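The values are calculated or read from the model by the stated rules, or taken from the named source; none is laboratory data. Quantities reported herein were computed from a predicted structural model and do not represent experimental measurements. Backbone-built Cβ (ideal geometry, glycine too); neighbour counts: all protein chains shown. The protein model used for the area step is the full one, side chains on, heavy atoms only, and it has no ligands, DNA or RNA in it. Shrake-Rupley method; radii C 1.70, N 1.55, O 1.52, S 1.80 Å.
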Amino acid sequence: MAYCAADTGFYPEFTVQDYLLYIGALKGIRPAVARKRVKELIVKVGLTKEAATKMKKLSGGMKRRAGIAQAMLNDPGILILDEPAAGLDPNERIRFRNLISYKNS
C-alpha cells in the first residue's frame, strides 16, 4: 500500500532522482531495484528532463509528479491518493490516469 498526499514534503536540495532513491531506501527497496524503478517512474511521470533538477526548482505540477512517482516506487497493490490531479495540466491529468490504471505484470 502507498499514499500520495495532496502536499508532499520534499528536501529542497535533493534532485528528483536523489529524492526518489532516498524514498526507495526508506521503503526498504534494494538499491539496484530502486535505481531501476526510479528510472522507469521518472519516464512514466514525465520528469526525464528534470531528473537532475533540484526539487526547489520544480513547478508545482512537477513536484506533484515526483510525489506520484514516490508513491508508486514500491509498486503498491493499493494506492491511496489525496487530490491526485491537483496542480497538473490537462495533458498531465490524462497521463496520470493512464499511469494509475496500468498495473505492471
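Selection of the range 23-50 for residues being open to solvent by 80 Å² or more (accessible area, probe 1.4 Å) and closer than 18 Å to Met1 by Cα yields Leu26, Arg30.
Residues are listed down the side, and each one gets a yes or a no for (1) without any contact (Cβ under 8 Å) to a residue 60 or more places away in the chain; (2) over 18 Å from Glu13 (Cβ atoms):
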site: Ala25; (1), (2): yes, no
site: Ala34; (1), (2): yes, yes
site: Val38; (1), (2): yes, no
site: Ala51; (1), (2): yes, no
site: Met55; (1), (2): yes, no
site: Ile68; (1), (2): no, yes
site: Arg95; (1), (2): yes, yes
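Got a number for residues in the range 51-85 being of a type in the set (A, V, I, L, M), open to solvent by 40 Å² or more (accessible area, probe 1.4 Å) and modelled with pLDDT of 95 or more? Give the steps one after another, and end with the answer.
To start, the set of residues in the range 51-85 that are of a type in the set (A, V, I, L, M) comprises 51-52, 55, 58, 62, 66, 68-69, 71-73, 78-81, 85.
Those still in the list that are open to solvent by 40 Å² or more (accessible area, probe 1.4 Å) too: 52, 62, 78-81.
From what's left, modelled with pLDDT of 95 or more: 52.
Looking only at that region, the number is 1.
Among the conditions (1) part of a loop (DSSP other than H, G, I, E, B); (2) at pLDDT 95 or above; (3) within 21 Å of Phe96 (Cβ to Cβ), the only one that Gly46 does not satisfy is (2).
Leu88 fulfils the conditions (1) open to solvent by 20 Å² or more (accessible area, probe 1.4 Å); (2) free of Cβ contacts under 8 Å to residues at least 60 places away in the same chain; (3) farther than 11 Å from Val16 by Cβ except for a single criterion, (1). Residue count for the range 52-71 under the criterion of being assigned to a loop (DSSP other than H, G, I, E, B), closer than 17 Å to Glu92 by Cα and touching a helix residue (DSSP H, G or I) at 6+ places or on another chain (Cβ under 9 Å): the result is 1.
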